[in-house]
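Before any comments, here is the structure.
The values are calculated or read from the model by the stated rules, or taken from the named source; none is laboratory data. None of the values given here were measured: they were computed from a predicted structure. So basically every Cβ, Gly included, is an ideal-geometry build from the backbone, and we count neighbours across all protein chains shown.
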């Protein structure tokens, strides 16, 4: 910017500008929601490319000239990239989110068509409204608030296959030049609850494990052999039961757990969000934050057994289960996986060994929060919402975050966005609140200014 980040011409009234932009941004969000860009197998690929074309069109409408893409082998939809030059001596900010969505699921469970943006009760409903099309439009809106000339150098990365998974998760360390930045904002998360500005400062890692047991050459009549013949299903269930103690806490040695001091859900919020049935107790002990963010969790996500409707009176010869292990943000996922494997191999229920196979692992992430970008983000969040920002973690894993941290180790990684705990992402009636959407635009525009100001006075830059 010729005027420099500190001049009056370079310091627009961002709140007014964003308010003026909201009608057109709501229209842009509605257009994007209308495109069912789903990367999962069985869905039309042309819709993904239609979504990509619309994203490129929206960038051009915002005045972006340098637009490119990254296409990887085994990846359907290209990654849309863009470069917006700022002051030569200014910092570089990379903004990431995605334009693809998960399937709508059973449309009978929706109160309005999932791919038709519907406004009601102060919100926009539709698949992808929150995850993550509002975040994408918010980034473009923040750029428009600066008339396409932000006080920072901007790099945009909009992915088109995040929900299904793709090789892009592991691409950044192989080509770090595409991601070089002083700060990286992952706009694929949001606030713990509406009205509470939130920075996500921890992502749990995860690991997959398969456990199986074979005890007989074939299933045997339970009347003839039950009581002495080793039952594979019963053996597997006893082995799985050793993973937790009587309180429901994980009983595997070597899995990291620490106290949680940041924001968390209230008891009532968590019960509502989890749709816990009346009278159901929690699993485990300690604070909610420890259990869902700062500790390990082991979930049985699948089990191969005869269905009740098709069951016969037989001792089972074979059984298998799939486990998902969620790992403390600071513990290597492979280390946690090793601990669970060692535990199961040592269990030997009824003296029978379990066969344990390792699956994929993904490390979590716990960023440092004492740099100028975090200072800028805290200031922008407080200015936008009028209250001090809080910290939370995220129980879900975002493999790309760890990959970006490895590719650009000196960059500050920040996670904040338009989603909130009640957005119903990946569920029927997904929505983004209109006031949270507007604030999400404004906070990004404010972050550009706050970071540029701090960068100008940074002694070691």
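Looking only at helices (runs of 4 or more DSSP H) that fall completely inside region 330-427, which ones have 3 or more residues that are surrounded by fewer than 16 Cβ atoms within 10 Å (Cβ to Cβ)?
333-347
Determine whether residue 229 is touching a strand residue (DSSP E or B) at 6+ places or on another chain (Cβ under 7 Å), assigned to a loop (DSSP other than H, G, I, E, B) and at pLDDT 95 or above.
Against the criterion (touching a strand residue (DSSP E or B) at 6+ places or on another chain (Cβ under 7 Å), assigned to a loop (DSSP other than H, G, I, E, B) and at pLDDT 95 or above), residue 229 qualifies.
Yes or no, residue by residue, for (1) without any contact (Cβ under 8 Å) to a residue 24 or more places away in the chain; (2) more than 43 Å from the chain's Cα centre (by Cα); (3) under 12 Å from residue 319 (Cα atoms):
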| site | (1), (2), (3) |
| --- | --- |
| 212 | no, no, yes |
| 217 | no, yes, no |
| 220 | no, yes, no |
| 225 | no, yes, no |
| 233 | no, no, yes |
| 239 | no, no, yes |
| 243 | no, no, no |
| 246 | yes, no, no |
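Of the numbered conditions (1) within 15 Å of the chain's Cα centre (by Cα); (2) without any contact (Cβ under 8 Å) to a residue 12 or more places away in the chain, residue 457 satisfies every one except a single condition; which is it?
Unmet for residue 457, out of (1) within 15 Å of the chain's Cα centre (by Cα); (2) without any contact (Cβ under 8 Å) to a residue 12 or more places away in the chain: (1).
Test residue 262 against the criterion of being in contact with a strand residue (DSSP E or B) (Cβ under 8 Å, 6 or more places away or on another chain), outside any loop (DSSP other than H, G, I, E, B), more than 25 Å from residue 319 (Cβ to Cβ) and not assigned by TED's automatic domain parsing to the domain that holds residue 313, and give yes or no.
Against the criterion (in contact with a strand residue (DSSP E or B) (Cβ under 8 Å, 6 or more places away or on another chain), outside any loop (DSSP other than H, G, I, E, B), more than 25 Å from residue 319 (Cβ to Cβ) and not assigned by TED's automatic domain parsing to the domain that holds residue 313), residue 262 does not qualify.
Quick one: count up the residues across region 64-79 that are at pLDDT below 95 and more than 12 Å from residue 159 (Cα to Cα).
Final tally of qualifying residues: 2.
Which residues, counting only those in region 262-280, are farther than 21 Å from residue 206 by Cβ and either surrounded by 15 or more Cβ atoms within 10 Å (Cβ to Cβ) or in contact (Cβ under 8 Å) with a residue 24 or more places away in the chain (or both)?
263, 269, 271
Show the residue pairs meeting these rules: Cβ distance below 8 Å; 6+ apart or different chains; first residue within region 56-83 and in the same structural domain as residue 133 (by TED's automatic domain parsing) and surrounded by fewer than 14 Cβ atoms within 10 Å (Cβ to Cβ); second residue in a helix (DSSP H, G or I) and modelled with pLDDT under 95.
Pairs found: 73/167; 74/167.
Counting residues that are at pLDDT 95 or above and farther than 20 Å from residue 398 by Cβ, which strands (runs of 3 or more DSSP E) fully inside region 117-178 reach at least 3?
Per the criteria, 118-120, 123-125.
Can you pull out every residue in region 239-254 that is crowded, with 17+ Cβ neighbours inside 10 Å and not in a loop (DSSP other than H, G, I, E, B)?
239, 240, 250
When you scan region 200-222, do you find a residue that is in a helix (DSSP H, G or I), surrounded by fewer than 24 Cβ atoms within 10 Å (Cβ to Cβ) and not assigned by TED's automatic domain parsing to the domain that holds residue 71, even just one?
Yes, some residue in region 200-222 is in a helix (DSSP H, G or I), surrounded by fewer than 24 Cβ atoms within 10 Å (Cβ to Cβ) and not assigned by TED's automatic domain parsing to the domain that holds residue 71.
Just the residues that are in contact with a helix residue (DSSP H, G or I) (Cβ under 7 Å, 6 or more places away or on another chain), surrounded by fewer than 18 Cβ atoms within 10 Å (Cβ to Cβ) and closer than 23 Å to residue 344 by Cβ, please, taken from region 285-308.
Correct list: 300, 305.
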